[in-house]
1. Based on what the data block shows, is THR209 touching a residue at least 60 places away in the same chain (Cβ under 8 Å), in a helix (DSSP H, G or I), in the same structural domain as ASN105 (by TED's automatic domain parsing) and not small (Gly, Ala, Ser)?
2. If I filter the range 33-51 down to residues being surrounded by fewer than 15 Cβ atoms within 10 Å (Cβ to Cβ) and at pLDDT 80 or above, which single residue comes out as farthest from TYR7 (Cα to Cα)?
3. Any residue at all in the range 383-391 that's under 28 Å from LYS280 (Cβ atoms), in contact with an Asp or Glu (Cβ under 7 Å, 6 or more places away or on another chain), at pLDDT below 90 and of a type in the set (Lys, Arg)?
4. Residue under question is LEU319, and the condition is that it be part of a helix (DSSP H, G or I), in contact with a Cys (Cβ under 8 Å, 6 or more places away or on another chain) and within 18 Å of SER357 (Cα to Cα); does it hold?
5. Just to verify a result, which residue in the range 75-89, among those that are crowded, with 17+ Cβ neighbours inside 10 Å and outside any helix (DSSP H, G or I), is modelled with the lowest pLDDT?
6. Please enumerate the residues belonging to the range 362-407 that are among the charged types (D, E, K, R), farther than 29 Å from TYR254 by Cα and either touching a residue at least 60 places away in the same chain (Cβ under 8 Å) or in contact with a Leu (Cβ under 6 Å, 6 or more places away or on another chain) (or both).
7. Of everything in the range 296-319 that's charged (D, E, K, R) and free of Cβ contacts under 8 Å to residues at least 40 places away in the same chain, which residue is surrounded by the most Cβ atoms within 10 Å (Cβ to Cβ)?
8. With the checklist (1) outside any helix (DSSP H, G or I); (2) within 15 Å of ILE202 (Cα to Cα) in hand, flag the one item THR144 doesn't pass.
Amino acid sequence: MEKILKYTNYVDVEKKLKRYSNDYDVFIVDLNNIKIEVSILNELLNIFRLCKILKKEIIFLSDSDFDIDLKKYIRIFKTYEEYKELGIYGTFQTKIYMNNEKLRNLLKETLMKNSFLVKERYESNFFNKEHDSRIKDIYIIDFTNYKSEKEEEIKKIKNKNSDTMVVLVIDVKAREKALKMVEFVDAIIEKPVNITSFINTIKKLANATNLKYENIELNNRLKLMLDDIENEISLAKDIQQSFLPKNNISFNGYNISYLFKPSNGIGGDYCDVIFLENNKIAVIFADISGHGIPAALLSSMLRVFLREYVGKYQSTKELVECLNEKIIEVFPSGKFVSLFCMIIDTNKNTIMYTKASQEPGLIIENNKVIELETEGQVLGLFSKKEFSDLVLFEEKQIEFKDDSVILLYTDGITEAIKNDKLYGIENLKEQFLKDRHNIDKIEHSLKDYELDDDLTLLTVYKEYKNENR
C-alpha cells in the first residue's frame, strides 16, 4: 500500500513516516513547489536513510528542474503517473563496465531517464572482485575487447545467481566469442548501439524478471491461502463430525449404524438419530444442495431445526412440513434439502416415514428388497402458506418385522460411475440383499467406481434376531 506525504519539513515527514510505517509499504513524498537547495537535499537524504531503516520504499515527486542532479541520490519522478509507469524499473541495479566513456555515459543517461539505478565503471573494475549477483542486477559488459578473464567473471556471476542478468555489448569481431557464451548471457547488443533498441531490451529483461517473481510471490500467497483453507476445512470437518450421532447404536433391541464420507472431507449429507419419549427413535437422513463448507453450514442449521421441532410432532408429515417452512425462511435462495424422515416405535415395532424428494428407503422383507416411497417435494422450494395446492407430503406406516432391514442412502452411491455406467439402484439392491448387515461391504462394492458426490449410508435392523450373523 502507498501513502502520499506533502513535504513541509524534515521533522514533519519523519513523524508521519514513523506513524504510518506499520500500515504502508511505499511512501511518496510530494516536493512540488519546494525549492531544492543543498540543505533540503540533506533532509531528503535523511528521509531516504530513515526509510531504509524502516525497510520501506521511498519515492519523491517533483515537476521542477533542479540545479542538482537529484536522481544521483534519490528516486524522483515528475508525476505519480510517471512513477506508476516507470517505477517498476527502479528496483533494478544496472552495472555498466565499459571503457568508452561517451557510450557509457549515453547508456547511463538513458537508463536513469527510465528510472533504473545505475553504477558505471571501467572494464578493469570488472575483474577479480566479489560480485553481488542479486536477482535484479543487470550487468552490461563491453565485450568488444575480448579477454578470457571476462568469460570467467561472467560464469562466476551466473553460477552464483542464475537470475542475475548479463548483457554483452559487442562488435562484429567479438560476435563469435559472444555466441559461445550464450548459455551465460541474457542478451547481446551489437555496435553501433541503437539506444531505442537498447532500452527496450533492458526493459524486456526487467519485465520478464518482475513477471517471474510476481508469479512466484503469487504462488506463495496462493499456497498460504490454500493452507489456510485446508486448515479451515479440517476444523469444519471436525465440527461436522462432532454433530454426527453415535455410531452403531444399540437401543431396545434395535441396531442403527451408518457410514458418512463427504467427497471433500466436508459436505452436505446429513444423518441424525434422536431419542424421543416412549422408546421412540427419530432417524433423519438428508442431502443439502451443494458441496463443501457452504453445504455443511446449512446441514448444521438443519440440525438445529430438527433438534428444536422433532419432539413437538408425533407425525413425520407434520415435522417435514415444519422443516420446509423453516428452510424457506432461513436458507439462502436456491438452497434446497431432500430428506427421508422416519420415527421408529421400538415398543410396537412400527416405522412411520415421510420422504421429501430423497432417494427411497430400501427395506428387506421375506428376502426381497422393497422401496419405501411417499409423495413429497424437495424442502425449501414452495411454502404451504402460499402454494397450498403444490405442497403435499405423505406419511406411511409399516410393521418392522424381526428379519427386516432398512437401508437409507444418498444419491452419491447410485450416481457413482465406472466405464460411463452408473452404479444404479438395481446394483445397490442386489448388494444390499447380499450384505444387508454390513455397510462396509456395501461401500466396498464401489471400490472401482468414481464418486463425485458425498456418500452416506444407514442401516436399521433388530439385533436379537441377527446376533449370530
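1. The answer is yes for THR209.
2. Filtering the range 33-51 down to residues surrounded by fewer than 15 Cβ atoms within 10 Å (Cβ to Cβ) leaves 33, 35, 37-39, 42, 45-46, 49.
Subsequent filtering for residues that are at pLDDT 80 or above retains 42, 45-46, 49.
Details: ASN42: 14, LEU45: 13, ASN46: 13, ARG49: 16 Å.
Step by step, filter the range 33-51, then rank; the result is ARG49.
3. There is at least one residue in the range 383-391 that is under 28 Å from LYS280 (Cβ atoms), in contact with an Asp or Glu (Cβ under 7 Å, 6 or more places away or on another chain), at pLDDT below 90 and of a type in the set (Lys, Arg).
4. When the stated conditions are applied, LEU319 passes them.
5. Filtering the range 75-89 for residues that are crowded, with 17+ Cβ neighbours inside 10 Å and outside any helix (DSSP H, G or I), the one modelled with the lowest pLDDT comes out as ARG75.
6. Quick first cut of the range 362-407, residues among the charged types (D, E, K, R) only: 365, 368, 371, 373, 375, 384-386, 389, 394-396, 399, 401-403.
Next, only the ones that are farther than 29 Å from TYR254 by Cα stay: 384-386, 389.
LYS384, LYS385 - these are the residues of the range 362-407 that are among the charged types (D, E, K, R), farther than 29 Å from TYR254 by Cα and either touching a residue at least 60 places away in the same chain (Cβ under 8 Å) or in contact with a Leu (Cβ under 6 Å, 6 or more places away or on another chain) (or both).
7. Taking the range 296-319 as the starting set, the residues that turn out to be charged (D, E, K, R) are 303, 307-308, 312, 317-318.
Next, from what is left, pick out any that are free of Cβ contacts under 8 Å to residues at least 40 places away in the same chain: 307-308, 312, 318.
Values: ARG307: 11, GLU308: 11, LYS312: 9, GLU318: 15.
If we take residues in the range 296-319 being charged (D, E, K, R) and free of Cβ contacts under 8 Å to residues at least 40 places away in the same chain, then GLU318 is surrounded by the most Cβ atoms within 10 Å (Cβ to Cβ).
8. THR144 satisfies all of (1) outside any helix (DSSP H, G or I); (2) within 15 Å of ILE202 (Cα to Cα) except (2).
The values are calculated or read from the model by the stated rules, or taken from the named source; none is laboratory data. In this text, all values refer to a predicted model and were calculated from it rather than measured experimentally. With ideal geometry, Cβ positions are generated from the backbone for all residues, glycine too; neighbour counts draw on all protein chains shown.
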